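Q: Next up is a structure, given as structure tokens.
The values are calculated or read from the model by the stated rules, or taken from the named source; none is laboratory data. Predicted model, so just to flag it, every value in this text is computed and none were measured. Glycine gets a Cβ as well: all are built from the backbone with ideal geometry, and neighbour counts include every protein chain shown. Just so you know, the surface numbers come from the protein's heavy atoms only, side chains and all, with ligands and any DNA or RNA stripped out. Shrake-Rupley method; radii C 1.70, N 1.55, O 1.52, S 1.80 Å.
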Amino acid sequence: MQFLTVAIASLSLGSQVFAAPLSLTPTANGVTSELTNLPGQAVDTVESAVKREIDVLSTVGGVESLPLTPSAVTSDTTGVVGDALGTVESVAKRSSLISTVVSSVSTLKSSVQSDLSIISETVASDVTSSIVPTVQSSLVNVVGAVNGTLRTVVPGVVGLVLPLAAGEVEAVISLVGEVESLVTDIKTVLTNLVGSVESDVITLLAPEISAVLALVMPLVTPITGFAYNVAGTVAGTASATQLVSAASSLTDVVNDVLSPVDGVLSAL
């Protein structure tokens with residue numbers, strides 16, 4: 001009987017405990033103290049779930065925070081492309097310089113030949129002092145044309161970087177030939193002039209003739225020097241032989257025009 005009474009009392013007390021309302025005391029972050037009343041296994045499960053969520057968020061955050069910088073491959077590729085573009089620009093600039101020099105000499109040749117033709121025609125019709133104004137004017141034009149071309153040609157050949165491409169080497173050979181043709185024309189006309197007109201006419205024209213001769217070497221020297229330098233970069237080839245031959249021939253022509261005409265002028 002005493003045991004039955006104790007059992008009934010225990011059951012009655014247990015019923016009151018389970019029937020009593022739970023106390024929900026708020027805590028930080030909105031998590032209530034109700035969790036502390038859960039069985040230990042349930043608490044462990046919730047904590048594990050929360051930890052997994054935190055780990056996932058940390059991982060995602062780490063991925064999002066990776067710096068978006070070019071890779072080493074991209075950097076190397078950019079460098080290669082930059083070098084290639086630099087080479088293309090250098091070749092284009094060099095080709096442009098050669099083209100400018102060749103074009104300048106070609107224009108000079110046409111201009112000078114026009115004035116030389118006037119001198120030849122004038123001397124063919126008269127050798128007296130009456131021809132002085134016409135011949136003087138033409139000689140002054142030649143001086144101006146050569147002097148103007150020097151400002152383009154000299155910086156052009158000096159600024160060219162060797163070695164040249166095959167087509168550019170051919171252009172240099174052509175350039176030397178053009179200059180030789182020009183100097184040959186000057187030589188022919190001036191030699192005929194000083195050998196045909198009267199001595200007083202030569203005296204009157206001496207300053208202009210000397211001015212033309214004074215510009216021949218400044219025009220020829222940088223071009224022949226450049227031709228020899230280019231030949232050195234293609235040694236053993238047919239182009240090298242052509243360059244050396246053309247430069248040597250041009251030098252001989254210059255000497256031929258300077259010696260006799262200078263001799264006549266010096267005798268005045």
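Q: Quick check: net charge around residue 192, other residues with Cβ under 13 Å of its Cβ, Lys/Arg +1 and Asp/Glu -1?
A: On the way: positive: 187; negative: 121, 185.
Result for the neighbourhood of residue 192: -1.
Q: Please report the accessible area of residue 122 (heavy atoms, 1.4 Å probe, ligands and nucleic acids excluded) in Å², nearest 10.
A: Roughly 30 Å² of residue 122 is accessible to a 1.4 Å probe.
Q: Further question on the same structure: In segment 194-268, carbon and sulfur make up what percent of the accessible area (probe 1.4 Å)? Don't skip to the end; give the middle numbers.
A: Working: 1900 of 3280 Å².
About 58 percent, which is the carbon plus sulfur part of the accessible surface.
Q: What does the net charge come to around residue 111 if you take all other residues with beta carbon closer than 14 Å to its beta carbon, with K and R at +1 and D and E at -1? Mind showing how you got there, number by number?
A: Details: positive: 109; negative: 115, 178, 185.
Taking every other residue near residue 111 into account, the sum is -2.
Q: Note down the net charge around residue 140, summing +1 for each Lys or Arg and -1 for each Asp or Glu among other residues with Cβ under 12 Å from its Cβ.
A: Taking every Cβ under 12 Å from that of residue 140, the sum is -2.
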